Amino acid sequence: MSSFLRPAKTEPNTKTAAARIPAQAQYRPVSSHLAIAPPVSVVIPAMNEAENLPYVFKTLPDWIHEVVLVDGNSTDDTVRVAQDLRPDVTVVKQRGKGKGDALISGFAACTGEIIVMIDADGSADGGEIVSYVSALVGGADFAKGSRFANGGGTDDMTPIRKLGNRVLTTLVNTKFGARYTDLCYGYNAFWRHCLDEIALDCAGFEVETLMNIRVVKAGLRVQEIPSHEYNRIHGVSNLRAVRDGIRVLKVILRERGTRKRAVRPAMITGEVS
Ligand SMILES: Nc1nc2c(ncn2[C@@H]2O[C@H](COP(=O)(O)OP(=O)(O)OP(=O)(O)O)[C@@H](O)[C@H]2O)c(=O)[nH]1
Ligand SMILES: [Mg+2]
């Protein structure tokens with residue numbers, strides 16, 4: 001049997017995620033339990049993560065289409081280690097500064113239909129990618145990781161960060177009519193068409209918040225995926241709770257609270273907005 005399968009024919013309803021996939025897309029089997037998957041690009045922002053990359057790359061499924069590593073002008077061996085581990089890795093040299101700037105550059109370099117964003121510090125398990133992809137193939141536009149949905153968890157967050165995240169999550173839910181359980185989390189996946197609808201324009205750690213707000217405002221279908229965040233393996237966090245919390249708050253206050261609701265063809269189990 002060919003390892004490439006054509007997607008099943010869908011009704012010509014442009015509101016469904018499946019209807020937005022190019023007809024010529026070629027799908028690869030994932031496992032005996034999940035038949036097909038569109039090409040999946042994994043974007044990894046990395047700044048001085050050479051010691052962590054072996055752990056991260058080891059967890060990535062072998063059926064992904066490509067890995068795009070966005071190097072934040074690392075002064076260690078981040079790029080060389082990535083290329084040694086995976087000779088086919090696409091390395092993007094970041095021009096500006098910050099995680100948001102890195103992700104925007106990385107997304108632009110992706111050639112897959114589905115884009116997964118995952119940190120390089122060893123806190124995320126690439127084995128969860130199949131859950132994200134399943135949600136997207138099942139009809140969601142945006143699969144959003146959550147450490148606080150049933151089945152999720154975190155070893156990494158301090159009580160003060162949990163409190164800050166909860167307050168900011170509540171603020172976004174109230175202002176934008178979302179039902180998120182986790183706002184500031186870097187493990188998410190989406191169909192590439194989402195990029196046109198959310199037009200990202202931020203530089204720092206507020207990027208996830210901006211994405212989460214704009215997907216709701218655009219009326220996209222969001223499904224939360226329970227995810228476990230492990231401790232960073234080596235090195236120290238680049239996040240500063242107060243500085244970056246204020247940046248997140250500014251984004252929330254700056255974005256208008258009006259929502260453009262799309263007509264939905266069907267409800268999805270676990271849908272949150
Ligand atoms: N390319 C690039 N990557 C960055 C930049 N800032 C952070 N990153 C990466 O973004 C990911 C998340 O950054 P972390 O410093 O772990 O911050 P965090 O995960 O939000 O915070 P912790 O939970 O404390 O680890 C890591 O893979 C970093 O290497 C940057 O300016 N450029
Ligand atoms: Mg981290």
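Values for this structure:
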| quantity | calculated |
| --- | --- |
| Within the stretch 106-124, tally of residues that are within 13 Å of ligand 2 (Cβ to nearest atom) and not polar (S, T, N, Q) | 7 |
| Residue under evaluation THR258, criteria (1) surrounded by fewer than 17 Cβ atoms within 10 Å (Cβ to Cβ); (2) at pLDDT 95 or above; (3) away from ligand 1 (no atom under 16 Å from the Cβ), criterion not met | (2) |
| The stretch 137-157, residues that are more than 12 Å from ligand 1 (Cβ to nearest atom) and farther than 21 Å from VAL215 by Cα | ASN150, GLY151, GLY152, GLY153 |
| Answer residue from the stretch 208-240, given it is surrounded by 18 or more Cβ atoms within 10 Å (Cβ to Cβ), farther than 22 Å from GLY138 by Cβ and aliphatic (A, V, I, L, M) and is farthest from ligand 1 (Cβ to nearest atom) among those | ILE213 |
| For GLY164: the one exception among (1) surrounded by fewer than 20 Cβ atoms within 10 Å (Cβ to Cβ); (2) modelled with pLDDT of 95 or more | (1) |
| Residue list for the stretch 109-136, filter: under 12 Å from VAL42 (Cα atoms) and within 14 Å of ligand 1 (Cβ to nearest atom) | ALA109, VAL116, MET117, ILE118, ASP119, ALA120, GLY126 |
| Filter pass, PHE190 being of a type in the set (Phe, Trp, Tyr), surrounded by fewer than 24 Cβ atoms within 10 Å (Cβ to Cβ), more than 16 Å from ligand 1 (Cβ to nearest atom) and at negative phi | no |
| Which listed residue is basic (Lys, Arg) and touching a strand residue (DSSP E or B) at 6+ places or on another chain (Cβ under 8 Å), from ARG86, ARG80, ARG95 | ARG86 |
| Sole residue being buried (at least 17 other Cβ atoms within 10 Å of the Cβ) and closer than 21 Å to GLY204 by Cα, chosen from ALA102, ALA149, ALA140 | ALA102 |
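The values are calculated or read from the model by the stated rules, or taken from the named source; none is laboratory data. Model, not experiment: these values are computed from the prediction. Cβ sites come from the backbone with ideal geometry, for glycine too, and all protein chains shown count toward neighbours.
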